[in-house]
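Laboratory data are not the source of any read-out in this text; all were calculated from the coordinates shown. Nothing here was measured: the structure is a model prediction, and the numbers come from that model. Virtual Cβ from ideal backbone geometry, glycine too; neighbours counted across all protein chains shown.
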Number of protein chains: 2
Amino acid sequence: MTDTAVRPAASGDDDAATTPPPRSAEPVSATGAVSTAPPVLDTERLGRLLLGRWADIRLATRALVAKPEFQQIPGLGIEEHRARVLEQMHAMVREGAVARAFPQEYGGHDDHGGTLASFEEMFLADPSLQIKSGVQYGLFGSAIQHLGTKKHHDRWLADALTLKLPGVFAMTETGHGSDVASVGTTASYDPETETFVIDTPFRGAWKDYLGNAAKDGLAAVVFAQLITQGVNHGVHAFFVPIRDENGEFLPGVGGEDDGLKGGLVGVDNGRLHFSGVRIPRDNLLNRYGDVAPDGTYSSPIDSPGRRFFTMLGNLVQGRVSLNGAAAVAMKASLSVALIYGSQRRQFSDGGGEETVLLDYGRHQRRLIPLLAETLAVQLSHEQLLRMFDEVFSGANDTPQTREDLETYAAALKALSTWAAMRTLQETREACGGQGFLAENRITEWKRDFDVYVTFEGDNNVLLQLVGKRLLSDYAAQFKGADAARLARYAIGQVGDRIVSTAGLRKLAQNLVDLGSTARAVEHLREEEQRQLLTDRVQTMVAGIAARLNAARKEGAAAAAAAFNETQNELIEAARAHGELLQWEAFTNALAEVEDEGTRTVLTWFRDIFGLGLLEKHLAWYLVNGRLSAQRAEAATRYLDRLIARVRPYALAVVESFGYDPIAHLRAPIASGAEAERQDEARAYYAQLRASGRAPVDEKTLKKAARQR
Amino acid sequence: MTDTAVRPAASGDDDAATTPPPRSAEPVSATGAVSTAPPVLDTERLGRLLLGRWADIRLATRALVAKPEFQQIPGLGIEEHRARVLEQMHAMVREGAVARAFPQEYGGHDDHGGTLASFEEMFLADPSLQIKSGVQYGLFGSAIQHLGTKKHHDRWLADALTLKLPGVFAMTETGHGSDVASVGTTASYDPETETFVIDTPFRGAWKDYLGNAAKDGLAAVVFAQLITQGVNHGVHAFFVPIRDENGEFLPGVGGEDDGLKGGLVGVDNGRLHFSGVRIPRDNLLNRYGDVAPDGTYSSPIDSPGRRFFTMLGNLVQGRVSLNGAAAVAMKASLSVALIYGSQRRQFSDGGGEETVLLDYGRHQRRLIPLLAETLAVQLSHEQLLRMFDEVFSGANDTPQTREDLETYAAALKALSTWAAMRTLQETREACGGQGFLAENRITEWKRDFDVYVTFEGDNNVLLQLVGKRLLSDYAAQFKGADAARLARYAIGQVGDRIVSTAGLRKLAQNLVDLGSTARAVEHLREEEQRQLLTDRVQTMVAGIAARLNAARKEGAAAAAAAFNETQNELIEAARAHGELLQWEAFTNALAEVEDEGTRTVLTWFRDIFGLGLLEKHLAWYLVNGRLSAQRAEAATRYLDRLIARVRPYALAVVESFGYDPIAHLRAPIASGAEAERQDEARAYYAQLRASGRAPVDEKTLKKAARQR
């Protein structure tokens, strides 16, 4: 055992409840543990598991963002905040803390996973710094790297990395965000001058919400319809200088400041428009499509649709890294709320002592499932990040792994960013008035994080993409399937329908379970959870596919109507798929834990996550005959018991997150100040009682009088 | 028919989708309507229904808050924002727009309901102005009025109303918010000098989060433990001057600024502490408790507990008015999102046209149920406000009506403020990048509104209060009940248990419903909804009561443990009760609607609200055998159909809310600007096609080539 092992304090134990979270505790021998002693959670081991493969880089970035010069100052005005973030960007360059993803020859480290790991941790410095870095390196620089070719790398990458060339990623327009293929900006090739002419022909085609556009950007990667020889070859990326060295717009370029936003105030978002702006032919980022001097178009990818999605696929890292940022936001806000909830007392327990918030059943129900979900988000993110690194490093880069990566990233980013918003809201409320003070940071994180759910792909649109992938995978099963397979499938479906409709399966479960909650619970262990979660995805997808197929036979209009009618359900199916991915990653991670006590506690958290999903979708399982009423009730009761069981480990999990309350969380209510206030108040009352000068309560007098 | 009747535009109809919301439309004869024509919604009638009894006051306040000088300027620094709000407060006094609730002799109008109606509408000016007004009149002034007696009214009310005396409501402490009875501040009576000595003996006893405390307040109503002759008589309110005319703290008084908050930046919240501050005996607000010169305590209410709750009960108006503010926030944010969603287009419908967001199934599922919930919140608020007015005007002021009012207010405030936060978040996301721009206001409303869920009673604590009331009402049924009644009850319970456990009731439903969705739906009309919602509350409360009773027999410790174990469920039962109250109020309001078309459409919205509640709690209805799987599925499908059916009325409902897009909503995306952009883009493409110079798509060429 290491010296960081934490034995759970009994809930209600004074020391555990009022002192700051234990930094270390007496080691407890776990050898020959035949007793009923509670398992011991090794916070250091758990910490290492959560740090994952890029632990060193994460720790280095955490050390960096602990420095005051990188920290957000709440309430700065828009101009000061922007100036501060720009200076922080330069400081990051001086620290050598950026651009790990880029080739060594341009100042990078060829380290794809590490770059994102570092980016994710920057959330705790200032989300504005994180996002402005994301714009410069993850979008602008990355577009040059992945959509351009060597000549572009040679010309611009080094300067982009040192911030000599601050850049804009000009994809979204006021009129088109999610539907990038339909942007209105055009790049028309003129063979006479061998230039492209960039135009935003109407207001809706202005590029909008672009970081670095309002103030700092000198150039932009502009996404526009490439038109040559009378043909529109679809959206391509172009390098377009926009400002001169004095910061003035170049001829034909104009723009506007997006002004104040709901958060990320330190990022200078703005709009750009172009009127007949000419750029050299060479400024087309030509890895996936090129134009010869005479105007002839060529591309290594023949299909315009596949070409477009391949280009966009190179930008998946934005989604991957936001998934990791969501995990950071969840860990940080839960750290604050759980530390405060373990020290703050309110209402007497009847015995004269006030009760610690986290000992209330409701408080546990509010925060513990979010803690379990946070572990699921973090552990599934680690899996996603490894997958990303393998594809982008070239170690395992195939069309199949790319497609999987994109689907995985879309599903996880949508789920995790929503989960983070829920967590930020719940932790804000769980800290009451303190939670509303900017100094305790949750409100500020919440403001900044808000837009993560709609940028780099609106979550609903991302889940629809995942849903379409699920439908096409489903259809692929039947392509060229032989009669026997189809027959087996048909029998399975019919059998299933009979069982569900008649409630037979439920009745059978009732018979098995009757009178025995313990027996009902046994059926909800790992395999049962997996089966139920998997079954739900498959059944939902199959049901939607059946409805769409039936409609398709009635013509295009009926098919379109059916697609719209099932849109909500398809998105829910995609969400179910994402939940399954998170659950699988959590479960896989359990196998990596060698220490038994740690694994036991983590398994409880996994069960809280899994049973929480079953509880959330309980109606579906009941309606579809997958769970009996009895087993459904058992799941909820068991979940209640598990939540109470892990409550004593909550602070140990927070400790394993590894954020220093002072340097990283920087929330006074997580600093131990509340425990000091509680101690002072209790000492005051104890002294008063001891002095014999304490007033008698009128209530006590009245009671005594009644009894006389 | 009035000229404001709106016939629904067919969904997908160009005019309906791209023009601003209709301000009026062709009247449609509704006489002799035997056709299958869709019902006509009379927006003016609906508007009047929603304005309610205090329509004139609401309209007058709306006219006032439309003036630029009362409007929030997003992004103001903390000092400028506070100064602006203070100036707005004075301007409100000059407009005579405050203090309607107070007696005429002090400058008020004795109008309790009207005061709150006006207060609620102020949200659209600037929530900081609303809350600072609430502190001055609803808390500080109101405490003097309701907890003080004539001498206090004469001395301070007129000055409080004219803002000559800005005041602080010093109840909450850093260490005690929800548990007011346990505040640490003391007021010890000294008969020698006939003064009270006010002390905050430790840091946790400092008064905290107080509006007007950081800067403007000259006096405070301080809640402290009244100690005289060695007895603590519990919490009473004292008038304590805190600053001199130069704004300097008086001797013994100190304080701190709470600094930047997550929202309401224009309110100067702060902390106050007191060390041996002496105030005259007369400064005790003595309506419910007094101290004679010699130190003898007296009170018209003998029980200290009842006395405390009676005092606090006088402050119920805060909760009532926040419930109304929640309705305003919901109406405003949905107005913005639905107007934008009816103009904004994204993704092609396959026929070359892009689809309006609100025509997507998912977008409807996101926003329409919130619109139905908004109607429920508004209509139940009107009922609450009338109840409040009847109690506070004295028209119907009994212990029973007071208790009902307090329970009703606690339940509704908790549900509506959470609903508003959900609505603000969903509408923010539904507007994408535009939704994140401060100019479109939803992010700013969301920031400011955030704290409404935890102030004037943390929502979880409020629901627990409601839950306790439900339990005591339940227990009262059995007090002195005869054996026959108890026996009938016991049989009912047992019978119910048998039916639920064996799934017999469900099976019976399955048999009735089998093969007929229409028949299943018929059972989900008004009476069935009422029965299901009511049944759930009763069953949950009965179940909790049974568990608590069983535990009580095992002693105090077991009882306390059982209470904590059922806490989450009790709060859910209270939520169910609040939902039933909202549903009943919505249903009652339908009876007030004389116009048939309007009533029909409103009934659909009520059904969406009611079926939405059933869907949300479907697992409970299934597990407890109240709904068969078949009927449960029918409810969801019917809900889907209803949502699609009311979609064409969405903008008409927004119109009935009566907020002017320019003067009240002030969000550029709700101004018609998006429709203009869409028109411009479509005109551009139409012209391009007509010119013959439009480029051919590579996709089209490829397809043609393949077909050759």
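Report the semi-axes of the equivalent ellipsoid for the stretch B:68-315 in whole Å, largest first, where each axis is √(5λ) for an eigenvalue λ of the Cα gyration tensor.
For the stretch B:68-315, the ellipsoid semi-axes come out as 30, 20, 16 Å.
Starting from a label point 7 Å past Cα on the Cβ side, list the distances from A:THR534 to the same position in the other copies, nm, shortest first.
Result for A:THR534, in nm, nearest copy first: 4.7.
Taking the Cα-to-Cβ direction at A:GLU353 and at B:ASN588 and moving 7 Å from each Cα, how far apart do the two end points lie in nm?
That separation, rounded to one decimal, is 4.6 nm.
Putting +1 on Lys and Arg Cβ atoms and -1 on Asp and Glu Cβ atoms, find which of B:LEU260, B:PHE657, B:LEU357 reaches farthest to the positive end of the dipole of chain B.
B:LEU357
Work out how far the C-alpha atoms of the stretch B:318-657 reach from end to end along every principal axis, then list the three figures in whole Å, largest first.
72, 54, 42
What is the gain in length, in nm to one decimal, between B:GLN707 and B:ASP404 on full extension, counting 0.36 nm per residue of separation less the C-alpha to C-alpha distance?
101.5 nm
Could you point to the residue in A:LEU218, A:PHE140, A:HIS81 farthest towards the positive end of chain A's charge dipole, with +1 and -1 charges on the Cβ of Lys/Arg and Asp/Glu respectively?
A:HIS81
Rounded to the nearest 0.05, what FRET efficiency do A:LYS67 and A:ILE301 give with R0 = 45 Å and r taken as the Cβ-Cβ distance? Could you check?
Efficiency at R0 = 45 Å is approximately 0.50.
How far is it, in nm, from the label point at A:ALA686 to the one at B:GLN687 when both lie 7 Å from their Cα along the line to the Cβ?
8.2 nm
Which of A:TYR684, B:TYR189 comes first, and how do the rest follow, when ranked by fewest Cβ neighbours within 10 Å? Walk me through the numbers before you get to the answer.
Working: A:TYR684 16, B:TYR189 23.
Lowest to highest Cβ neighbour count: A:TYR684, B:TYR189.
Can you give me the distance in nm between label points at A:ILE662 and B:ALA83, each placed 7 Å from the Cα along the Cα-to-Cβ direction?
The modelled label-to-label distance comes out at 3.8 nm.
With the label 7 angstrom out along Cα to Cβ, how close does B:ILE662 come to the same site in each of the other copies, in nm, nearest first?
Ordered by increasing distance: 5.8 nm.
List the relative contact order of chain B as a percent without decimals, with contacts defined as Cα pairs under 8 Å and 6+ residues apart. Show your work: numbers first, answer last.
Working: 1113 pairs, mean separation 112.0, N = 708.
Contact order relative to length: 16 percent.
Sorted from largest down, what three extents in whole angstroms do the Cα atoms of the stretch A:181-295 have along their principal axes?
46, 31, 26
In whole percent, what relative contact order does the stretch A:211-343 give with Cα contacts below 8 Å and a gap of six or more residues?
Dividing the mean separation by the residue count of the stretch A:211-343 yields 21 percent.
Counting Lys +1, Arg +1, Asp -1, Glu -1, what net charge surrounds A:GLN225 among other residues with beta carbon under 11 Å of its beta carbon?
It works out to a net charge of -3.
Between A:LYS164 and A:LEU59, 0.36 nm times their residue separation minus their Cα-Cα distance comes to what? Don't jump to the answer; show the numbers that get you there.
Details: separation 105, 0.36 × 105 = 37.80 nm, distance 2.76 nm.
Net length gain for the segment: 35.0 nm.
Between B:GLU596 and B:THR534, how high is the FRET efficiency from 1/(1 + (r/R0)^6) when r is the Cβ-Cβ distance and R₀ = 25 Å? Nearest 0.05. Don't skip to the answer; put the middle values down first.
Numbers: r = 28 Å, r/R0 = 1.11.
Calculated value: 0.35.
Tell me, what HN-Hα J-couplings in whole Hz come from the Karplus equation 6.51 cos²θ - 1.76 cosθ + 1.60 at θ = phi - 60° for each residue of the stretch A:656-666, using x for Gly and Pro?
5, 4, x, 8, 6, x, 7, 7, 9, 6, 6
Please list, in chain and number order, the residues 5+ apart from A:LEU250 or on another chain whose amide H is under 5 Å from its amide H, with Hs placed from the backbone.
HN-HN under 5 Å from A:LEU250: A:ARG243, A:ASP244.
With an 8 Å Cα cut-off and a minimum separation of 6 or more residues, compute the relative contact order for the stretch B:318-657 in percent.
Computed value for the stretch B:318-657: 25 percent relative contact order.
Listing A:ARG100, B:ARG689, A:ARG552, B:ARG682 from the residue with the fewest other Cβ atoms within 10 Å to the one with the most, what is the order?
On the way: A:ARG100 22, B:ARG689 10, A:ARG552 14, B:ARG682 17.
Result, fewest neighbours first: B:ARG689, A:ARG552, B:ARG682, A:ARG100.
How large is ³J(HN,Hα) for each residue in the stretch A:592-602, as worked out from phi by the Karplus curve 6.51 cos²θ - 1.76 cosθ + 1.60 (θ = phi - 60°), to whole Hz, x for Gly and Pro?
Calculated HN-Hα couplings, in order: 7, 8, 7, 6, 5, x, 4, 5, 4, 5, 4 Hz.
On the first, second and third principal axes, largest extent first, how far apart are the outermost C-alpha atoms of the stretch B:541-612 in Å?
The Cα atoms of the stretch B:541-612 stretch 59, 18, 12 Å along the principal axes, largest first.
So for the protein assembly as shown, taking the charge dipole from beta-carbon charges (+1 Lys/Arg, -1 Asp/Glu), which of B:PHE249, A:LEU50, A:ALA125 sits furthest toward the positive end?
Of the candidates, A:LEU50 comes out farthest on the positive side.
Calculate the dipole size of the stretch B:632-708 relative to its Cα centre from +1 charges on Lys and Arg beta carbons and -1 charges on Asp and Glu beta carbons; express the result in debye to the nearest 20.
Details: 14 positive and 10 negative charges, 153 e Å.
Charge dipole, the stretch B:632-708, about its Cα centre: 740 debye, nearest 20.
Over the whole of A:341-348, what's the average partner chain Cβ count within 10 Å per residue? Rounded to a whole number, please.
3
Starting from the amide H of B:PHE102, placed 1.01 Å from N in the peptide plane, find each other amide H under 5 Å away whose residue is 5 or more places distant or on another chain.
B:HIS109, B:ASP110, B:ASP111
When you look at the Cβ of every residue in A:174-185, what mean number of other chain Cβ atoms sits within 10 Å?
Details: counts 6, 9, 5, 5, 3, 5, 0, 2, 6, 0, 3, 0.
Partner-chain Cβ atoms within 10 Å, mean over residues of A:174-185: 4.
Where the label is 7 Å out from Cα toward Cβ, how close does A:VAL180 come to the same position in every other copy, in nm, shortest first?
Those label-point separations list as 5.6 nm.
Under 29 Å from the Cα of B:LYS702, which lysines turn up, not counting those fewer than eight places away in the same chain?
Here the lysines satisfying the reach criterion relative to B:LYS702 are A:LYS468, A:LYS479, A:LYS553.
Return A:TRP418, B:TRP54, B:TRP620 ranked ascending by Cβ neighbour count within 10 Å, so the fewest neighbours appear first.
A:TRP418, B:TRP620, B:TRP54
Once amide H atoms are built 1.01 Å from N in the peptide plane, which residues 5 or more positions from A:ASN212, or in another chain, come under 5 Å H to H?
HN-HN under 5 Å from A:ASN212: A:ASP268, A:ASN269.
Using only Cα positions of the protein assembly as shown, each an equal point scatterer, no hydration layer, compute I(q)/I(0) via Debye at q = 0.06, 0.08 Å⁻¹ and quote the log10 values to two decimals.
So the normalised log intensities work out to -0.58, -1.07.
Tell me, what ³J(HN,Hα) does each residue in the stretch B:162-167 have, in order and in whole Hz, if you take phi through Karplus 6.51 cos²θ - 1.76 cosθ + 1.60 with θ = phi - 60° and put x for Gly and Pro?
Karplus-based 3J(HN,Hα) across the stretch B:162-167 equals 8, 6, 5, 10, x, x Hz.
For chain A, report the % of Cα-Cα distances exceeding 41 Å.
The answer is 38 percent, as a whole percent.
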